Amino acid sequence: MTYREIDQDKFHVILRLHKKFLLGKKKGKKANFQKVNLEGNNLENFDLRGADLRGSQFDQMIPRNCSITGSKWLRSDIPWWVGHPQQNEIVLCEE
């Protein structure tokens, strides 16, 4: 699988827009990290509720304090979300 690369600055811009989206603000935008290499990005305390994470690549398990309720994942994305307290509240997709 080919992953898109984003740097730390772009990662933070996407998260800021996602936060606005979650707050219902006009300029907000839902985070789309589909097939993105997120290795090296700090996921502690970031709110990924509803984000598209299908096929993303990580170098760590999703931290317990990172909210993932309603986020989209591929079934094959195990083990990134396994054991997370909100694992039953994610959307599993085939593709």
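The values are calculated or read from the model by the stated rules, or taken from the named source; none is laboratory data. It should be emphasised that the depicted structure is a prediction, and the values quoted were computed from it without experimental measurement. FYI the Cβ positions are ideal-geometry reconstructions off the backbone, even for glycines, and counts take in every protein chain you see.
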Whichever residue in region 30-49 is under 14 Å from residue 71 (Cα atoms) and in contact with a helix residue (DSSP H, G or I) (Cβ under 7 Å, 6 or more places away or on another chain) and, among such residues, is modelled with the lowest pLDDT
46
Please tell me if residue 64 is over 11 Å from the mean Cα position of the chain (by Cα) and either among the basic types (Lys, Arg) or under 19 Å from residue 94 (Cβ atoms) (or both).
yes
Subset of region 25-69 that is assigned to a loop (DSSP other than H, G, I, E, B) and of a type in the set (Asp, Glu) - its residue that is surrounded by the fewest Cβ atoms within 10 Å (Cβ to Cβ)
44
Checking the structure you have, find out if any residue of region 5-17 is part of a loop (DSSP other than H, G, I, E, B), of a type outside the set (A, V, I, L, M) and at pLDDT below 95.
yes
Of everything in region 70-93 that's modelled with pLDDT of 95 or more and small (Gly, Ala, Ser), which residue is surrounded by the most Cβ atoms within 10 Å (Cβ to Cβ)?
71
Contacts under 6 angstrom Cβ, first residue in region 51-75 being acidic (Asp, Glu), partner assigned to a strand (DSSP E or B), 6 or more apart
52/32; 52/72
Given the structure, is residue 16 surrounded by fewer than 16 Cβ atoms within 10 Å (Cβ to Cβ) and not small (Gly, Ala, Ser)?
yes
Answer yes or no as to whether residue 52 is closer than 19 Å to residue 4 by Cα, over 11 Å from the mean Cα position of the chain (by Cα) and acidic (Asp, Glu).
no
